[in-house]
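Taken together, the values in this text are just the output of simple stated rules run on the coordinates, not laboratory data. Please read all numbers here as calculations on a predicted model, not as lab measurements. All Cβ positions, glycine included, derive from the backbone under ideal geometry; neighbour counts span all protein chains shown.
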Amino acid sequence: MAMASTSSSSLPIPLSTPSHDPSNKTQKVSLFTISPPPSPSLKTPSIRSRLSKLCQEGQPHLARQLFDSFPRPTTVICNTIIIGFICNSLPLEAILFYSKLKSSSLGTKFDSYTYSSTLKACAETRSLKIGKAIHCHLIRCLSNPSRIVYNSLLNMYSSCLSNVGCLSYFDYSKYDLVHKVFVTMRKRDVVAWNTMVSWYVKTGRYVEAIRLFRVMMKMGIKPSPVSFVNVFPAFSSAGDLKNAYVLYGMLAKMGSEYVNDLFVVSSVIFMFGELGHIDFARKVFDHCLEKNTEIWNTMIGGYVQNNFLVEGIDLFLKAVETEHTVLDDVTFLSALTAVSQLQCLDLAQQLHGFVIKNLAIFPMMIMNAIIVMYSRCNSVHTSFEVFEKMVERDVVSWNTMISAFIQNGMDDEGLMLVHEMQNQGCAIDSVTVTALLSAASNLRSQEIGKQTYAYILRHGIQFEGMDGYLIDMYAKCGLIRLSQRIFERSNVNNRDQATWNAMIAGYTQHGLVEAAFCYL
DNA sequence: CTAGGGTTAG
């Protein structure tokens, strides 16, 4: 949530944040805190302050109704409503309000505030088309867009384009709207650079992200704590350990404001964890005096990711014991994952009991993770007990339980559950398909294999490594010719290792050693 | 008015 301040407030909006609090770096509260204090001498508060008060109280719709009674609303009043919607997590309403104003005959002029806020709403709702339209509006209607409007444009394009799901197919170097906006900017502040760095990281261009960070510093722009949070993942993803340490050294020299920023601390821990330097991550963790839930989670998760499972559980227990430490779903998820990998039923039962005692509600994710845990600890029956007791199930729950059965040699139970899943109106997806293919292999069932393949074709299901699964399944079912056909149909230039391995293994299983040799 | 970290199935 963008609005969350560094303090761990449970409110989505820091309404109660006093304006004089020096630790409060969030500028966004200013809208509300600027409004005049409720003094008895003030008989009729200004219209704008009445509107912001309503928004502040979580009633942006009432503010909107009040707005409708004004014959000639000013720009500032319009902005108040738009921002009020956004602050109350109603970005779509903000966009709708903007478009109504745009097409109305009121003739209200928009300023930089209007555009930056509405663009934020577009970013949050990933509305690329509307964002583009607003981009056109502001080019036509805003004579002197502020730096912040450009920053909002960068953010809007970056948010809307990074979720298209076609990152690998999209040639960003040739057609990059974010970059296009960036180069048109005459003056670029640290926010613009940060947004660019984060955009390069999002699109997998880690080396370029690091380069951009360097260029920013060469231009004499002082990195902010956010700059570090944005660029650190580039070092871990690029596997650039040496420079990760160099940058950490630089961060340390920036002063306490940087080193003590909780976002910064957690991203440092995450980076060194990803790079496999978990001991250094732990040093940073221990050095941090005021730990929030996310810092604990990052450290525990780092241990689990690096297969330091006992250390992970240990730290989890330490978090449990530490006073004033709030555990959340993510903390439990990491612990559940650790126990799944330790495959220790005794621990699993203890953790399960602990979860039940400590959570008022049981999120689906936690329940799914518990199912996995019992299945890995060789207790599929307990998994199924948990599964059956669930009031609601999502596709992950079904897939988890189905895979649990099939991985534990209970293929028939898995297959029954696939039928049940469909009866309950949950559609088979690529994960269900992999489970079905495994079942077909396990049972050497040509029929299940062929049915599954037909389903894949009918529904146009595609996923990473699908050819390998299919080749393997047909080979196990004694249909090496069909394996061969899948192999030949698979993209010659883009064949991955798993596809090759499956084909070679298939030939070998069928005693076709010579054919296998051809591919070695 | 703009930018920020941790998460389950195969």
In degrees, nearest 10, the alpha-carbon axis of helix A:364-376 is tilted away from the dominant principal axis of the alpha carbons of chain A by 30 degrees
Longest principal axis of chain A (C-alpha) makes with the long axis of helix A:309-321 (C-alpha) an angle, in degrees to the nearest 10, of 40 degrees
Given pairs A:Lys120/A:Lys180; A:Lys242/A:Lys283; A:Lys120/A:Lys222; A:Lys100/A:Lys120; A:Lys129/A:Lys180 and cut-off 21 Å on Cα-Cα distance, the over-length ones are A:Lys120/A:Lys222
Exposure-ranked with fewest Cβ neighbours within 10 Å first, A:Ser105, A:Ser117 stand as A:Ser105, A:Ser117
If the chain between A:Phe263 and A:Glu290 were fully extended at 0.36 nm per residue, the gain over the current Cα-Cα distance would be 8.5 nm
FRET efficiency for A:Asn378 and A:Lys129 from the Cβ-Cβ distance with R0 = 41 Å, rounded to 0.05, comes out at 0.20
Placing +1 on each Lys and Arg Cβ and -1 on each Asp and Glu Cβ in the stretch A:188-275, then taking the dipole about the Cα centre, the residue among A:Phe228, A:Phe213, A:Phe263 whose Cα reaches farthest towards the positive end is A:Phe213
Listed with the fewest Cβ neighbours within 10 Å leading, A:Tyr507, A:Tyr115, A:Tyr206, A:Tyr245 appear as A:Tyr245, A:Tyr206, A:Tyr507, A:Tyr115
For A:Lys450 and A:Lys53, extending 7 Å from Cα along the Cα-Cβ vector and measuring point to point gives, in nm, a value of 7.6 nm
One finds, for A:Gln343 and A:Val76 with R0 = 45 angstrom and r their Cβ-Cβ distance, a FRET efficiency to the nearest 0.05 of 0.15
A correct Kirkwood calculation over the Cα atoms of the stretch A:364-520 returns a hydrodynamic radius in Å of 16.4 Å
Once both label points are put 7 Å beyond Cα along the C-beta direction, the A:Cys141-A:Ser104 separation in nm becomes 1.2 nm
Volume per residue (Å³) of the convex hull spanned by the alpha carbons of chain A is 211 Å³
At the level of C-alpha centres, the distance separating the stretch A:307-382 and the stretch A:451-465, in angstrom, is 34 Å
Computed from the beta carbon distance with a Förster radius of 25 Å, FRET efficiency for A:Val326 and A:Gln424 to the nearest 0.05 stands at 0.10
Both in Å, the radius of gyration and Dmax of the C-alpha trace of the stretch A:288-417 are 15.1, 53
Residue-normalised 222 nm signal for chain A, counting each DSSP H run of n ≥ 4 as -39,500 (n - 2.57), nearest 500 deg cm²/dmol, is -20500 deg cm²/dmol
Taking only C-alpha positions in the stretch A:188-275, Rg and Dmax in angstrom work out to 11.7, 32
Helix A:241-253 sits off the longest principal axis of the Cα atoms of chain A, rounded to the nearest 10 on a 0 to 90 degree scale, by 30 degrees
The equivalent-ellipsoid semi-axes of the stretch A:233-283, taken as the square roots of five times the Cα gyration tensor eigenvalues and listed largest first in whole Å, are 17, 12, 9
With T = 25 °C, eta = 0.890 mPa s and Kirkwood Rh from C-alpha pairs, the Stokes-Einstein D of the stretch A:464-520 in µm²/s is about 228 µm²/s
